[in-house]
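The values are calculated or read from the model by the stated rules, or taken from the named source; none is laboratory data. Keep in mind that this is a model prediction, so the values were computed, not measured. Here the Cβ positions follow ideal geometry from the backbone for every residue, glycine too, while neighbour counts run over all protein chains shown. Heads up: the accessible areas ignore ligands, DNA and RNA and are worked out on the full protein's heavy atoms, side chains in. Shrake-Rupley method; radii C 1.70, N 1.55, O 1.52, S 1.80 Å.
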Amino acid sequence: VETVIKIDGTVVKREPDTINKSLNTGTIEVAVDNVEVLSEAKELPMPVFGENDYPEEIRLKYRFLDIRREELHKNIVLRSSIISHIRKLMSDAGFLEMQTPILTASSPEGARDYLVPSRIHPGKFYALPQAPQQFKQLIMAGGFDKYFQIAPCFRDEDSRADRSPGEFYQIDMEMSFATQEDVLDIISRLLFEIFNKFKGNQKSVNKLPFPTFTYKESMEQFGCDKPDLRNPLRLINVTEFFKGSGLQIFEKLIEKGAIVNCIEASQSQGKPRSFYDNLNKWAIDQGKKGLGYINFENNEAKGPLAKNFNPEKLQEMIDKNNFNKSDGLLFICDMPHESYDFGSKVISKAGQELGLID
């Protein structure tokens, strides 16, 4: 296996019962006249066919074999194709591709620098750039109004699952006299074009323009600044309906500055009480006092909160928020920061439990 050979012979059609339609060359074969061994291979430490999982140490030591494997080989080809497409898109948008120095002076960024000792200046060091930040700003000051680069960034930081340790590449760009809308437009179009072209047999990509949120909107709706938009669940502030509701624990917390966020758990109709009890137990495991809830049976509110909730206040909350009585309601009462932080986790947990995330 993997011995390199040279074959002389005649290309002929395969017999009908030996045709292999899964191969590009599955309809032909070579009638061999002569075989010459060009380079003999020893027994391989890992096979190049099949996608079996091998220890990373072996894969990295025999990287030249590892990249022969189909999935990894396709990934490398895909990366090259994507970068070529990025260059065309950016060029069409009026961006100039430029290269910035790799040996430079140390500059404060988000991690520690990698240092390279200088031969001609003993005792002094170059730094590898964590990003081309200052160079690209100098390029703008020099009169070039649109720049981009497939830029290597060198950062001595703790391991991150989505980065090679020590270096990674990013699409780096700079635009002079640009508005926020200009930046969002070029990045949105770039992402859309890349994912749309290289999505393979995946579903279609979101149509342009992509939805945008202010930080305040994102926190109030999702509880975090990096929401998963596949999940339809949202936070709804219902604090006003708990004032005078008769739920004293909530009312006392609200007086101290707490807010109440509600999540309408869509498609939870018919879920047994154990569904809500399990979410409540999960909340306690997360270090919280629990997760309040109201579920509906025959349009009647059920659950611990519903028993003590002022009926008029409860109905007002349902009417003003157009809550569907076939859905359960989850409640988080805490100080704003904690309420948003935990609310984002509840959205994620409930979305998974209800099978809402596509």
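A few remarks follow.
- For region 1-79, the fraction of alpha-carbon pairs in successive 5 Å shells from zero, as %: 3, 12, 15, 15, 17, 18, 13, 6, 1
- Hydrodynamic radius of region 37-168 per Kirkwood, over alpha carbon pairs, in Å: 18.6 Å
- Take every pair of alpha-carbon atoms less than 8 Å apart whose residues are at least six positions apart; their mean separation over the length of the chain yields a relative contact order of 11 percent.
- Straight Cα distances below 19 angstrom link Lys302 to the lysines Lys271, Lys281, Lys313, Lys325, with same-chain residues fewer than 8 positions distant left out.
- C-alpha long axis of helix 273-285 to longest principal axis of the chain, angle in °: 70 degrees
- Radius 15 Å from Cβ of Leu65, net charge of other residues (Lys, Arg +1; Asp, Glu -1): -3
- Under-18-angstrom lysine pairs by C-alpha in region 97-247, whenever the two are 8 or more apart or on separate chains: 4
- Rounded to the nearest 500, the helix-only mean residue ellipticity at 222 nm of the chain stands at -10500 deg cm²/dmol, with each DSSP H run of n ≥ 4 adding -39,500 (n - 2.57).
- Between the alpha-carbon centres of region 74-104 and region 297-317 there is a gap of 58 Å.
- Carbon + sulfur, % of accessible area of region 1-133 - ligands and nucleic acids excluded, 1.4 Å: 55 percent
- With Cα atoms, 0 to 90° folded angle of helix 180-197 axis to the chain main axis: 60 degrees
- Length added when fully stretched, Arg230-Tyr54, from 0.36 nm per residue minus Cα-Cα: 60.0 nm
- Part-to-part distance (alpha-carbon centres) for region 214-247 and region 19-65, which is given in Å: 55 Å
- Among (i) 0.96; (ii) 1.11; (iii) 1.03, the entry derived from the coordinates for Rg/Rh (Cα atoms, Kirkwood Rh): (ii)
- Relative packing of peptides 43-56, 269-282 - highest average C-beta neighbours within 10 Å first: 269-282, 43-56
- Net charge of Cβ neighbours under 14 Å - reference Gly244; Lys, Arg +1; Asp, Glu -1: -2
- Within the chain, percent of DSSP bridges classed antiparallel, to nearest 5: 95 percent
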